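**Q** First the structure, then my questions, so here it is.
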Amino acid sequence: MIELAAQNLAVRLPLLAGLFGLVVIVALGLMSFVSRRMTVRSQLDRLGQTSMLAPSTRSLRSREADSAWSRLAAAIEAAGLNLTDTKSERLAEKLRLAGYTSPAAPRIFTLVRLMLIFLVPLVYVVLAFSGPQPPSFLKVYLVGSFLALLGLYLPNLYVQAKADRRKEAIVNGFPDCLDLMLVCVESGLGLEAAMDRVGREMVKSHPLIAELLSITVLQLRAGASREEAFRKLANSSAVEEIRSFTTLIIQSDKLGSSIASTLRVYAAEMRERRQMRAEEKAHRLPVLISIPLVTCMLPTMIGTLMLPAVVLVVRKIFPLMVGGG
């Protein structure tokens, strides 16, 4: 049977398709079983924690329009496959840091990972067997396994890269935010009004910081205390500079010190940190440039300098050695 499948393409394709379908069915069954157990366990833990609390309804502001991906995830879950991750809280936090704040973001992320696990190897199998000479079964198995792992970890890499870019954008734009807030506070505005004004002014230049400031202002206007609003600002940004800023504002508010003096000192410190980061990147350039210099340019320079001497040796010294011999 194995020899027939290795020699006959008409037998090999149905065999590979059946094997692939069997693996998919087994994997989906195991994932569904594990996800159901984890869902039941999380629901029991949640009921145990909130048994003494009254149920709360969602506000109109928290209800968002379902996108196509969320509707697709809901349809798949309704079909029997649970897309809830075993570490849903950590995944939701990671997606939130990357800018995905929708409640359906963890389920959509899990759905995309499942789709990539099966679609990427399937595309390779279709392309491989559509050629004139199909590859061997071992090559298809190894390459398909590698592509499945790539599809599993590629969304994680994308989300992590987007979170890093978001953090870098917030860090680079926060000193300008502090300078504008300092100008507003020294001109007579209160802290809440200054944050509102700066948030509206920085919509185009630094939209992420404008969004964070606007959310904090809305929380303050909704009745939240200044300490609670600023702690939520620090948690939602997940940037060390903003955490330090919110801690300083909370301490200044409790101790009764001047907000303008606090902003002036911290703004100067932030400008100094930004200058130090720029100097650090500038000092790293010679080390980074040395790698392509040694790899690409140095062999070319050595060859250019040694080529005249090699030509001279071939033309004059080699004939003398051969004639002398």
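**Q** Can you give me the relative contact order of the stretch 226-268 as a percent, contacts being Cα pairs under 8 Å and 6 or more apart?
**A** Result for the stretch 226-268 is 30 percent.
**Q** Relative contact order of the stretch 112-228: what whole-number percent is it, with Cα pairs under 8 angstrom and at least 6 residues apart?
**A** 20 percent
**Q** Do me a favour and compute the ellipsoid semi-axes for the stretch 171-247 from its Cα gyration tensor, root of five times each eigenvalue, largest one first, whole Å.
**A** 17, 15, 12
**Q** Can I ask one more? Report the label-to-label distance for Ala222 and Ser32 in nanometres (one decimal), using points 7 Å from each Cα along the Cα→Cβ vector.
**A** It works out to 3.9 nm between the two label points.
**Q** At a 10 Å Cβ-Cβ cut-off, how would you order Val322, Val313, Val23, fewest neighbours first? Each step should come with its number before you reach the end.
**A** Details: Val322 8, Val313 11, Val23 14.
Starting with the residue having the fewest Cβ neighbours, the order is Val322, Val313, Val23.
**Q** Which whole-number percent gives the relative contact order of the stretch 209-285, counting Cα pairs below 8 Å spaced six or more residues apart?
**A** Relative contact order, the stretch 209-285: 18 percent.
**Q** A follow-up question, please. So, with +1 on the Cβ of K and R and -1 on the Cβ of D and E, and no other charges, what is the size of the charge dipole of the stretch 173-325 about its Cα centre, to the nearest 20 debye? Present the calculation step by step, with values, prior to reporting the outcome.
**A** Numbers: 18 positive and 16 negative charges, 143 e Å.
Computed charge dipole of the stretch 173-325: roughly 680 debye.
**Q** Taking the Cβ of each residue in Leu119, Leu233 as the centre, tally the other Cβ atoms inside 10 Å and list the residues starting with the fewest.
**A** Least to most surrounded, the residues fall as Leu119, Leu233.
**Q** Trypsin sites (Lys or Arg not before Pro) within the stretch 171-208: which are DSSP loop residues with at most 10 other Cβ atoms inside 10 Å?
**A** Details: sites: Arg197, Arg200, Lys204; in loops: Lys204.
Those satisfying the criteria are Lys204.
**Q** Taking the Cα centre of each part, how many Å lie between the stretch 157-225 and the stretch 237-290?
**A** If we compute the Cα centre of each part, the gap is 14 Å.
**Q** Got a sec? How would Val203, Val120 order by Cβ neighbour count within 10 Å, fewest to most? Working shown, then result.
**A** Details: Val203 12, Val120 19.
Taking fewest neighbouring Cβ atoms as first place, the list is Val203, Val120.
Readers should treat all values here as calculations from the given coordinates under stated rules, not as data from a laboratory. Computed from a prediction, not measured in an experiment: that's the story for all the values here. Cβ sites come from the backbone with ideal geometry, for glycine too, and all protein chains shown count toward neighbours.
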